[in-house]
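The values are calculated or read from the model by the stated rules, or taken from the named source; none is laboratory data. The model shown is predicted, which means the values in this text are computed figures rather than measured ones. Here the Cβ positions follow ideal geometry from the backbone for every residue, glycine too, while neighbour counts run over all protein chains shown.
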């Protein structure tokens, strides 16, 4: 949990910085609609826009990296036979799905036998009484 908390704080800081950049860009856009900008002000807006985009990409990368890390960590612990709450839930669900799959296979087998018997009965019924 401390890893998630630490990454969460970093993500919050990046997101806050991104939010501030977007607000600055919006202010620049509002002002540009009201007055003409000097070339330096337009360049500043352009750089802020690039900064916001970079912040968004960094935020996305952090989340992807965190997801990959947690998936790998959980996969390794499951492979080792970990007895954590998450692994118990996953094993319980897997067992339930296996039981359900077995039941569906028995139903399928029973239906196949029923179809075969029905076709045999139809053959008998379609034979003429007198030949």
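Considering region 66-90, and only residues there that are modelled with pLDDT of 80 or more and surrounded by 12 or more Cβ atoms within 10 Å (Cβ to Cβ), the residue that is nearest to residue 16 (Cα to Cα) turns out to be 66. Could we say that residue 63 is modelled with pLDDT of 80 or more and assigned to a helix (DSSP H, G or I) here? When the stated conditions are applied, residue 63 passes them.
Per this entry, residue 61 is counted among residues that are in the same structural domain as residue 19 (by TED's automatic domain parsing), without any contact (Cβ under 8 Å) to a residue 24 or more places away in the chain and surrounded by 10 or more Cβ atoms within 10 Å (Cβ to Cβ).
Among the conditions (1) touching a helix residue (DSSP H, G or I) at 6+ places or on another chain (Cβ under 8 Å); (2) at pLDDT below 70, residue 10 misses just one, which is (2).
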